[in-house]
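First the structure, in the form of structure tokens, and then the observations on it.
The values are calculated or read from the model by the stated rules, or taken from the named source; none is laboratory data. On a predicted model such as this, the values are computed, not experimentally measured, just so you know. Ideal geometry is used to build each Cβ from the backbone, glycine not excepted, and the neighbour counts take in all protein chains shown. Areas reflect the complete protein model, heavy atoms only, side chains present, ligands, DNA and RNA absent. Shrake-Rupley method; radii C 1.70, N 1.55, O 1.52, S 1.80 Å.
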Amino acid sequence: MNKKGFIFDLDGVIVDTAKYHYLAWRKLAESIGVSFTEKENEQLKGVSRIKSLEKILEWGNKTISEDDFMKLMAIKNDDYLTYINKMDEEEILIDVNRVLEYLIQNKQGIALGSASKNARTILKKVNLISDFNAIVDGNDVEKGKPNPEVFLKAAKALEIEPQHCIVFEDSVAGVQAANAANMVSIGIGEQEILHEADYVFKNFTEMENSFLNELIKK
Ligand code: B16
Ligand code: MG
């Protein structure tokens, strides 16, 4: 039997939480006099919470105390969680359910590999948590993407060798992390942005079960 490990990023692959990160970061950035648009938000995709705030402060040329830094991160997260708490199954991105069902039917390993410390809360809200055999998130890693740590830990948790793992990612840093982990990288998004990936699909609708089957058989 061919058993592969399929590792899913969360934000941008399973759900679009980037829009909520955007609203919360924009509110926070504006409160300290830093302008924040969708362009800046794009650069925070796949980036940890700490690194995100560091970047925002850098863009605004601000230096603050360690204490204030922690306070701002907490304010942003509280605000973000007000959006997360309203989420339900309706927010699962197109055809994610079909892909998960196919992989479950074919007895494949399924893991989450996300930078988010809120990953478990989000998976529970959208009722997908029981589909995952392993969850590795921002609470479990020291080094963020493009470091491969998150995906290597997910492979280990699945007890599947990295070269038998496949990663679905929407961020450039995530694709680089998958490549560094010696896994098959599948970009979900635009080819021009995710050109370092082994394959790129606009979304899961473009990815047929026959393609998944080929990955399993490889
Ligand atoms: P949190 P992913 C990432 O999720 C987001 O893309 C990124 O924008 C966010 O800053 C990061 O999680 C940390 O999220 O504040 O919830 O810990 O794409 O790796 O699933
Ligand atoms: Mg992502």
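Screening Val47 on (1) touching an Asp or Glu at 6+ places or on another chain (Cβ under 6 Å); (2) within 12 Å of ligand 2 (Cβ to nearest atom) shows it passes everything except condition (1).
When Ile50 is tested against (1) at pLDDT below 95; (2) under 26 Å from Lys124 (Cα atoms); (3) assigned to a helix (DSSP H, G or I), just one condition goes unmet, and that condition is (1).
Per-residue answers, yes or no, for (1) part of a loop (DSSP other than H, G, I, E, B); (2) touching a Lys or Arg at 6+ places or on another chain (Cβ under 8 Å):
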{"site": "Glu30", "(1), (2)": "no, no"}
{"site": "Val34", "(1), (2)": "yes, yes"}
{"site": "Leu81", "(1), (2)": "no, no"}
{"site": "Lys86", "(1), (2)": "yes, no"}
{"site": "Ile94", "(1), (2)": "yes, no"}
{"site": "Asn97", "(1), (2)": "no, no"}
{"site": "Leu100", "(1), (2)": "no, no"}
{"site": "Leu103", "(1), (2)": "no, no"}
{"site": "Ala111", "(1), (2)": "no, no"}
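Answer with yes or no whether Lys51 is near ligand 1 (Cβ under 9 Å from one of its atoms), more than 29 Å from Asn97 (Cβ to Cβ) and open to solvent by 40 Å² or more (accessible area, probe 1.4 Å).
yes
Among all residue pairs at least 6 apart or on different chains, which show Cβ distances below 8 Å where the first residue, located in the stretch 165-176, is without any contact (Cβ under 8 Å) to a residue 40 or more places away in the chain and under 13 Å from Tyr199 (Cα atoms) and the second is near ligand 2 (Cβ under 10 Å from one of its atoms) and open to solvent by less than 10 Å² (accessible area, probe 1.4 Å)? Every condition considered, the pairs that remain are Val175/Glu169. Within the stretch 134-150, the only residue that satisfies the criterion of being of a type in the set (Lys, Arg) and under 12 Å from the mean Cα position of the chain (by Cα) is Lys145.
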